[in-house]
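These notes concern the structure reproduced below.
The values are calculated or read from the model by the stated rules, or taken from the named source; none is laboratory data. None of these values were measured; they are calculated from a predicted model. Cβ coordinates were reconstructed from backbone atoms using ideal geometry, including for glycine residues, and neighbour counts include every protein chain displayed. The area values use the complete protein model at the heavy-atom level, side chains included, leaving out ligands, DNA and RNA. Shrake-Rupley method; radii C 1.70, N 1.55, O 1.52, S 1.80 Å.
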Amino acid sequence: MNDQRSDRSDPSSAGLWERVVEERLDGLENLGALEIEPWPTRFDRTHTTSEIRDLYSGLEPDARTGKVVSVAGRVRLIRNFGRLVFITFSDQQAELQLFVSRSGLAPESQEVLSHLDLGDWVGATGEVITTRRGELSVDVNAIGLLAKCLAPLPDKWKGLRDVEQRSRHRHLDLVINPQSRRTFEVRSAVVSELRNQFHQRGFMEVDTPILTSRAAGAAARPFLTHHNALDIELYMRIATELYLKRLIIGGFERVFEVGRIFRNEGVDSSHNPEFTMLESYQAFCDYRDVMRLLEEVLPAVAVTATGSTTVGGEAVDDAAGRPMLETPLSLEPPYREVTMLELVSEVMGEEVTLDVPRDSLRVPAEGLGLDIREGWTTGRIIYEIFDRLAVPQLHSPTFVTEYPIEVSPLARRHPGDPRLTERFELFIAGVEFANAFSELNDPVDQLSRFEDQADLLGADDPELHPVDEDFVLALGYGMPPTGGLGLGVDRLVMLLTNRTHIRDVILFPTLRPTENPRWQTYRRLLLQRGASLSR
């Protein structure tokens, strides 16, 4: 081990990267000759870094505790002063320093120390102390390798900055960027607390099929696959809605599912072909009850995951990208409520109603760059104008209500105007986070709307699907009044971690395959050394 080699963790050229790998393979051969195992099967850790910091954070400088611990983690920094070596390592929770005096080590530990590189996983045993400068440390009496790092890590400061590279090499992103690790810790807390909130309210968690015989429950292009044994075409689900409604029909009054959804659509900052959705259905309530549910659940989830109901506004480092929210906002209720027609009227500068002739809206809509398709009604054009002009202006939490029936085939008609529906979507920072209905439970009306959709299939719209006969028949057995909710989990995590790109909150997002330029070099070096490294 030496400072020169330890500092060469961010080689800027392929040649330097190759030389560093060769040096580490040389070290691996030396360890083999010394019969030191670089990848042992286990290590008995007694304390995490956080536990040690919690127990001994108040120690005075140059103090000894008499407490011997065994710790483990990845080497982050090596400072070699000859007889003394200071090693900063980290586990999942935090960093800690190893204080190592060469003279106090057994021969095998001395050899391990001499062959240590940045990125290696180590296990160490020693007394908890503070140095003369007050740094909490472990005074090491034994150190061993837990896993040898053969490929050099990116530099801690230069690191992985590009969002695509961080997504392609998530393992390195998590090693180098603490904010990335924090993002996925928040994500775990979000999912856990969402489940907790629904369990507290008497909802039963269920699992519904991912492979289905028909795509239904949403307007989206599906992924198609083939089942060989049954010799049938199957779709990856685009929603869980229709199966969850069957459970309401079957007598379960409150159900929810947190599940993966698959839609064969474009990829951008807020869309990934595979994403996570929470859907819930509650008997004997309507869409306004679902509004109140969201106003209770979202603040509670925010507090559990981040400690506050205020989101946005904090500084974000270069590795995390620009923030979703430059200024903070509160998730405390009540949330603004406004109809879609009111919003469209605002952005158009004149009153817009469903009575406006289609052609009167078509011209200004096309002037906005919208591709108005044959067969689109006034309601559909109003929705497209709303999506293009009004949505980006919805900053604070806003329930947009009363959607046209043409874009809401599964929602109950509004009693004040049958051309509208009892539906809302929740928008925050110009992004849709939730979609909810008073669910349509009239099989006659449902069949009529499915048939209307089927008639449009001739327009070759890949987001329209044939009639789901089995669901309509299931409705015939009676579904009580029901409020349904679909909540985008990934987007909620984006909001709570202040990220603008969905790839930053999905551990392994969908990306176009590319060749890693270093793979062939790495493969060649490992194969060349295979015989000498085999044990």
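Full extension of the segment from LEU224 to ARG45, taken as 0.36 nm per residue of separation minus the current Cα-Cα distance, would add 59.7 nm.
As an exercise, use a Förster radius of 25 Å and the Cβ-Cβ distance of ILE210 and ASP231 to find the FRET efficiency, rounded to the nearest 0.05.
So the FRET efficiency works out to roughly 0.80.
Take the alpha carbon atoms of the stretch 8-62, find their center, do the same for the stretch 340-379, and report the distance between the two centers in whole angstrom. The stretch 8-62 and the stretch 340-379 have Cα centres separated by 63 Å. Put simply, when 76-87, 380-391 are sorted by average Cβ atoms within 10 angstrom per residue, most first, you get 380-391, 76-87. Measuring with a 1.4 angstrom probe and ignoring ligands and nucleic acids, ILE232 comes out at about 60 Å² accessible.
To the nearest 0.05, what FRET efficiency results for ASP417 and HIS271 with a Förster distance of 25 Å applied to their C-beta separation?
On the way: r = 32 Å, r/R0 = 1.27.
After rounding to 0.05, the efficiency reads 0.20.
The length gained on full extension between GLN93 and ARG201, counted as 0.36 nm times the residue separation minus their Cα-Cα distance, comes to 35.6 nm.
Shape analysis of the stretch 1-126 based on the Cα gyration tensor places the equivalent ellipsoid semi-axes at 27, 17, 15 Å, largest first.
Please find the FRET efficiency linking SER13 to SER448, where r is the Cβ-Cβ separation and R0 is fixed at 51 Å, and quote it to the nearest 0.05. Result of the calculation: an efficiency of 0.15. Length gained on full extension, LEU354 to LEU507: 50.7 nm, using 0.36 nm per residue less the C-alpha separation.
Spacing of the modelled spin labels on THR309 and VAL68, each 7 Å from Cα toward Cβ, amounts to 5.2 nm. Projecting label points 7 angstrom from Cα along Cα→Cβ for ASN141 and SER345 puts them 8.1 nm apart. In whole angstrom, the chain maps to an equivalent ellipsoid with semi-axes of 55, 26, 23, each derived as √(5λ) from the alpha carbon gyration tensor and ordered largest first.
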